[in-house]
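Asks: Please find one structure pasted underneath; my questions will follow.
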Amino acid sequence: MSSVAAETPGHWGDFPRLYRRLVPRIIRPVVTGLFGIDEELVASRLVQAGWTTWDAPLTEALRDVWDAWWQTTLRTHPGPVPIRTALAVVTVATGGLSSWLDTWTGIRTTAADARLAGLVDDVLFESEFTDLSMGFYDEYHATAELVEWVLTDVRDRVADARPDALYRLEAFQTGARHAE
């Protein structure tokens with residue numbers, strides 16, 4: 001199964017059809033953290049296979065899987081898949097970040113806050129927060145949305161001083177641009 005999930009689309013005769021047929025067997029180990037390949041590659045391959053154009057029952061089922069997985073991920077700490085990976089998978093697969101962040105904002109549990117602290121710690125490593133892309137091929141640039149979300153919507157839930165330094169840097173850069 002992992003060979004299909006990892007292989008380039010051009011390797012297969014009818015890649016979208018093959019991926020569509022195998023997606024249930026690919027997604028299950030991805031969301032349980034038991035797949036032997038990079039989960040973000042699976043999201044990228046789903047996009048390449050055009051999953052949003054498949055028959056409605058399958059696309060709706062996948063959307064339901066993303067939603068259920070995301071909610072479970074936020075309510076479980078620690079979990080089988082790192083939070084950054086899960087967020088990248090649902091973001092790349094669906095082509096948007098804001099709805100996933102909105103869901104996170106609404107879930108105010110100890111597990112969700114622990115996951116938030118973990119994400120902030122992860123992306124603030126070596127200033128990655130200022131240039132954060134998601135997806136195996138870095139196809140989704142998440143910096144603007146994620147910075148705004150962390151600095152406004154959930155800032156009070158993070159016991160890490162590093163976002164404050166980022167906020168001061170952003171304010172300084174904004175002020176410097178307006179002065180020019």
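All of the numbers you see were taken from the coordinates with simple rules; none came from a lab. Bear in mind the structure is a predicted one, so any value in this text is a computation, not a measurement.
Asks: Tell me, in nm to one decimal, what length is gained between residue 111 and residue 138 on full extension, where the rule is 0.36 nm per residue of separation less the Cα-Cα distance?
Replies: On the way: separation 27, 0.36 × 27 = 9.72 nm, distance 2.74 nm.
So the extension gain works out to 7.0 nm.
Asks: Can you give the convex hull volume of the alpha carbon atoms of the range 8-58 per residue, in Å³? Each step should come with its number before you reach the end.
Replies: Details: hull volume 4.1 nm³, N = 51.
Roughly 80 Å³ of hull volume per residue.
Asks: Note down, for the range 78-151, the three equivalent ellipsoid semi-axes (square root of 5 times each alpha carbon gyration tensor eigenvalue), biggest first, whole angstrom. Could you put the intermediate results ahead of the total?
Replies: On the way: eigenvalues 62, 40, 32 Å².
Its equivalent ellipsoid spans semi-axes of 18, 14, 13 Å.
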